[in-house]
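I have placed the structure first, in the form of structure tokens, so that the comments after it can refer back to it.
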Amino acid sequence: MEENIFASHEQIIGALVYSLIFLVLVTLGLILFFYYSRKKIIEKEVEKVNIKLDHQKKILQTTINVQEKERNRIAQDLHDAISSKLNVVSLTTNVLLDDESINIEQKEALNHILDITTRTLESARKIAHELMPPILDKFGLKVALEELFEEFTSNTSIKINHAIDTLEHLNKSNELHVFRIAQELINNALTHGKADQLEMELKKNKLGFELIFKDNGVGFDITEHKKKSGIGLQNIKSRVAILNGQLFVESSKKTGSIFTINCHSYGY
């Protein structure tokens, strides 16, 4: 009798043990199921976000490409249509000035026309150059940036200290993005920041390159900058995004600003 009771207890304990093992296995199975299900959901969400970011980047790229094509068209029109006609006016005026039969008043009027034409030609050349710098395509980013600095500092009190590395593997499209970023940073510092001393460093590293820009201007409120950026800063952010980079801004009122841009291997 006792043996039967003992055997019955063993069976009950065995059944409980197996039931417990079964419950543990079911619980583990459910945990693993929910874990991998959740992981799949997260992966899908991340994939959706990446697709959205890629789509936004393509829209940015397309928008900027359209802008650059329009700049190129305007620059070409300035050169072909306006500058060529102004050159004809200038040549004609010089021919008339060589005519000894004209009086002093007429000479003064012609010299005035020649002076206006010359200054207008120079302005048209500068605008066309800013819209589409030919030196960038011919000699590369380093030379184009150095010429840009020279244009801003020649015959002015503005000082630009710079150290520019040659980025050998940067393609032409991304060279133009970096050039436009530098152009926009300088314009913003001078126009809005009222700066007269600028520093720019462009250095390559293992991941890509880093651009550091500093000015001694009036600075601005970072909080307001995050809430609302001007067109210039929006253009900089768009180009940095296309270069697969990150933009960091440090600024406060009356202390100037520092812009740091880290761009990774996308541009190479």
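Just so you know, all these numbers are worked out from the coordinates, no wet-lab data involved. None of the values given here were measured: they were computed from a predicted structure. Here the Cβ positions follow ideal geometry from the backbone for every residue, glycine too, while neighbour counts run over all protein chains shown.
Listed values, structure above:
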{"quantity": "Those helices (runs of 4 or more DSSP H) lying entirely in region 136-233 with at least 1 residues β-branched (Val, Ile, Thr) and crowded, with 21+ Cβ neighbours inside 10 Å", "calculated": "172-191"}
{"quantity": "Hits in region 251-261 - residues which are out of contact with any Lys or Arg (no Cβ under 8 Å at 6 or more places or on another chain), under 20 Å from residue 205 (Cβ atoms) and surrounded by fewer than 21 Cβ atoms within 10 Å (Cβ to Cβ)", "calculated": "260"}
{"quantity": "Restricting region 101-117 to residues that are β-branched (Val, Ile, Thr) and over 17 Å from residue 85 (Cα atoms), the residue that is surrounded by the fewest Cβ atoms within 10 Å (Cβ to Cβ)", "calculated": "104"}
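One line per residue, one yes/no per condition, for (1) farther than 27 Å from residue 73 by Cβ; (2) of a type in the set (Gly, Ala, Ser); (3) in contact (Cβ under 8 Å) with a residue 24 or more places away in the chain:
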residue: 101; (1), (2), (3): yes, yes, no
residue: 108; (1), (2), (3): yes, no, no
residue: 125; (1), (2), (3): no, no, yes
residue: 139; (1), (2), (3): no, no, no
residue: 143; (1), (2), (3): no, no, no
residue: 154; (1), (2), (3): yes, yes, no
residue: 158; (1), (2), (3): yes, no, yes
